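The values are calculated or read from the model by the stated rules, or taken from the named source; none is laboratory data. This structure is a prediction, so every number in the text was calculated from the model and none was measured. Note: ideal-geometry Cβ built from the backbone for every residue, glycine included; neighbour counts use all protein chains shown. The area values use the complete protein model at the heavy-atom level, side chains included, leaving out ligands, DNA and RNA. Shrake-Rupley method; radii C 1.70, N 1.55, O 1.52, S 1.80 Å.
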Amino acid sequence: MERYTIAILVNNQSGVLNRVTSMFRRRQFNIACLTVSETESPDYSRITILFEGEESKKNQLINQFYKLPDVISIKELHAKDSVSRELLLIKVANSPETREEIRSAAEAFEAKTVDYTRESIVMQVTGDRKRIDDFINIMRDFNIMEICRTGLVALQCGDVTIRQETN
């Protein structure tokens with residue numbers, strides 16, 4: 001199965017997110033990552049979705065989205081011509097035995113310490129999905145207390161915008 005990232009520009013209305021995610025449920029796609037936010041205009045929201053599936057079913061899904069009245073435009077984003085990032089907050093136990101190793105790993109990933117106590121360290125990492133996953137895997141050598149990560153945010157490179165591809 002392939003992984004796909006799509007961005008959907010929608011009217012900023014109550015219930016739109018439910019209608020969009022219901023399309024995935026009905027077609028039995030698993031959403032790996034979902035991010036929703038208001039855009040440069042408060043009239044619109046942008047939904048960015050990372051999911052797995054087959055090419056033909058993905059195309060059917062996109063065609064179905066265009067039938068929803070609140071969908072303005074849809075853009076499939078490819079790694080070669082888009083920029084994507086996630087944010088990770090991770091809390092690890094702080095002990096004298098592991099403190100230096102944790103700091104070294106954090107430095108290698110350019111993690112920023114955003115909270116520090118005798119009992120725990122909270123670090124922030126931004127990057128692509130692989131970078132976030134790699135940092136989490138390294139931190140598994142220590143006592144991870146809690147993880148919170150955003151969904152994927154992505155924009156196409158260059159001067160093309162999602163609003164130029166209207167429904």
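For the chain, which whole-number percentage of the solvent-accessible area (1.4 Å probe, protein heavy atoms only) is attributable to carbon and sulfur atoms?
Working: 4510 of 9890 Å².
So the carbon and sulfur contribution to the accessible surface is 46 percent.
Can you tally the lysine pairs in region 72-167 where the Cα-Cα distance is under 27 Å and the two residues are eight or more apart, or on different chains?
Close lysine pairs under the 27 Å cut-off: 5.
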With Rh as the Kirkwood radius over Cα pairs, region 1-97 has Rg/Rh of 1.08
Using a 1.4 angstrom probe on the protein heavy atoms only, line up THR126, THR39 by accessible area, largest first. THR126, THR39
Heavy-atom accessible area of ASP81, protein chains in place, probe 1.4 angstrom, given in Å² to nearest 10, is 50 Å²
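Based on the Kirkwood radius over alpha-carbon pairs, what value in µm²/s does the Stokes-Einstein equation return for the translational diffusion coefficient of region 68-115 at 10 °C and 1.306 mPa s?
Numbers: Rh = 14.7 Å.
For the chosen part, D equals 108 µm²/s.
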With the crude spin-label approximation of a point 7 Å out along Cα→Cβ, what separation in nm comes out for ASN63 versus ASP134? 4.0 nm
With just the Cα atoms defining each centre, how far is region 121-161 from region 1-69? Give it in Å. 21 Å
Which value in nm describes the separation of the simple spin-label points at GLU110 and GLN124, placed 7 Å from the Cα toward the beta carbon? 1.4 nm
As a test of understanding, state the convex hull volume per residue of the chain from its alpha carbons, in Å³. 141 Å³
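Within region 30-100, which GluC sites (Glu not before Pro) sit in a loop by DSSP and count at most 15 neighbouring Cβ atoms inside 10 Å? Walk me through the intermediate numbers first.
Working: sites: GLU38, GLU40, GLU52, GLU54, GLU55, GLU76, GLU86, GLU97, GLU100; in loops: GLU40, GLU54, GLU97.
Counting only loop positions with at most 15 other Cβ atoms within 10 Å, the GluC sites (Glu not before Pro) in region 30-100 are GLU40, GLU54, GLU97.
Which FRET efficiency value, to the nearest 0.05, do you get for THR98 and SER37 by plugging their Cβ-Cβ distance into 1/(1 + (r/R0)^6) with R0 = 41 Å?
Working: r = 36 Å, r/R0 = 0.88.
So, using R0 = 41 Å, E works out to roughly 0.70.
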Please identify every one of the trypsin sites (Lys or Arg not before Pro) in region 59-139 that sits in a loop by DSSP and has no more than 11 other beta carbons within 10 Å of its own beta carbon. LYS67, ARG118
